[in-house]
Amino acid sequence: MITIRNLHKSYMVGGKRVEVLKGIDLSIEEGAMVAIMGRSGSGKSTLLNIIAGLDKGDNGEYLYRGQNLSNKTLNELANFRRDKIGFILQNYALCDTKNVFDNIALPLKYRKYPESKIQAQVKGVLEDLEMTEVVDKSIDTLSGGEMQRIAIARAIVQDPEIILADEPTGSLDEKTEEGILAIFKQLNKQGKTIIIVTHDQQVANICDETIYIKDGRSSTPKITSSC
Ligand SMILES: Nc1ncnc2c1ncn2[C@@H]1O[C@H](COP(=O)(O)OP(=O)(O)O)[C@@H](O)[C@H]1O
Ligand SMILES: [Mg+2]
């Protein structure tokens, strides 16, 4: 589903070019559940943002279902992202001034869905996640685990082909983390391809495969945990 070859990415920091990704190679099969691990600052979020079409590599190839995205503009990538990707950003990135319903409805409003369809889809996803009782609540009254469920709801409400999550359990206690991981596992069982950036081995353990980033390069060890 995803093939990345020799991907490089650098940032200008204080007038100096710092290379973060120095030749990433990876491939992700449709229906897989993959963890991306590496130290803080190793470039995990940078890589996930490029996969999401939020950013572009400097060079190298990014193929999505055989389509070369490397030469697309960021504008063109915005359409790709809207149509294919469900992105769960670090620290939820929910809109505090809107209630739960309006947060989840956002991607559907962006796509100009009719109001009746928006109502039905938001209701459906809240039922799936057993969160119907918080539909009218404001975001700042929710617990961390509830906020993460709402961020997941917003990411999956438009039925994306692939779900990307950046440190989705980073600020949750262990029990809440288990609940969130169970949701990802369930989505994967339903056929969604999932990529999770994490530094938590427990998260990696429930994935089929782990890709490590070190010194700007990727590796996929032969021995991986799965369940
Ligand atoms: N927009 C940016 N401008 C400059 N440097 C950045 C930018 N984004 C990330 N970096 C730097 O790139 C490196 C990798 O960042 P990141 O991808 O966020 O790592 P990780 O998610 O693995 O912690 C870090 O050193 C970070 O400071
Ligand atoms: Mg990060």
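The values are calculated or read from the model by the stated rules, or taken from the named source; none is laboratory data. Values in this document were obtained by computation on a predicted structure and should not be read as measured data. Virtual Cβ from ideal backbone geometry, glycine too; neighbours counted across all protein chains shown. For the accessible areas, the whole protein counts, side chains as well, though only heavy atoms, and no ligand, DNA or RNA atoms are used. Shrake-Rupley method; radii C 1.70, N 1.55, O 1.52, S 1.80 Å.
Take the alpha-carbon centre of region 144-172, take the same for region 106-130, and report the distance between them in whole Å.
15 Å
Along the principal axes of its C-alpha atoms, what lengths does the chain span, in descending order and rounded to whole Å?
Extents along the principal axes, in whole Å: 47, 37, 37.
In degrees between 0 and 90, to the nearest 10, how far off the longest principal axis of the chain does helix 144-156 point, with axes built from Cα atoms?
Roughly 80 degrees between the two axes.
To the nearest 10 square angstrom, what accessible area does THR97 show with a 1.4 Å probe?
Ignoring ligands and nucleic acids, THR97 comes out at about 130 Å².
Nearest 10 degrees is fine. How inclined is helix 74-84 to the longest principal axis of the chain, computing both from alpha carbons?
The helix 74-84 is inclined about 50 degrees to the chain.
What nm distance separates the two modelled labels at SER40 and ASN91, each placed 7 Å from Cα along Cα→Cβ?
1.3 nm
With label points built 7 Å along Cα→Cβ from the Cα atoms of ASP215 and LEU63, find their separation and express it in nm.
The answer from the label model is 2.8 nm.
Would you tell me the accessible area of GLU76, worked out with a 1.4 angstrom probe on the heavy atoms of the protein chains, in Å² to the nearest 10?
90 Å²
Identify the trypsin sites (Lys or Arg not before Pro) of region 150-227 meeting these criteria: DSSP loop state and at most 11 other C-beta atoms within 10 Å of the C-beta. Mind showing how you got there, number by number?
Values: sites: ARG154, LYS175, LYS185, LYS189, LYS192, LYS214, ARG217, LYS222; in loops: LYS192, LYS222.
Sites meeting the loop and neighbour criteria: LYS222.
Along the Cα→Cβ direction, 7 angstrom out, place labels at GLU127 and GLU30. What is the inter-label distance in nm?
With each label point 7 Å from Cα toward Cβ, the separation is 2.8 nm.
Please report the antiparallel percentage of the DSSP beta bridges confined to the chain, to the nearest 5. Don't skip to the end; give the middle numbers.
Values: 21 of 38 bridges.
DSSP beta bridges in the chain are roughly 55 percent antiparallel.
Whenever you get a sec, compute what percent of the accessible area on the chain sits on carbon and sulfur atoms (1.4 Å probe).
Working: 5240 of 11290 Å².
In the chain, the share of accessible area belonging to carbon and sulfur is 46 percent.
As an exercise, use a Förster radius of 25 Å and the Cβ-Cβ distance of VAL13 and GLU161 to find the FRET efficiency, rounded to the nearest 0.05.
On the way: r = 34 Å, r/R0 = 1.37.
Using R0 = 25 Å, I get an efficiency of 0.15.
Give me the aspartates and glutamates in straight-line cross-link reach of LYS137: C-alpha distance below 20 Å, same-chain residues under 8 apart excluded.
ASP96, ASP102, GLU115, GLU127, ASP128, GLU146
Helix 100-110 versus the longest principal axis of the chain: what is the Cα-based angle in degrees, 0 to 90, to the nearest 10?
The angle comes out at about 60 degrees.
Which shape class applies to region 111-166: rounded if a/c is under 1.5, otherwise prolate when a/b exceeds b/c and oblate if not, where a ≥ b ≥ c are the square roots of the Cα gyration tensor eigenvalues? Could you put the intermediate results ahead of the total?
Values: a/c = 1.93, a/b = 1.19, b/c = 1.62.
Because a/c hits 1.5 or more and a/b fails to exceed b/c, region 111-166 counts as oblate.
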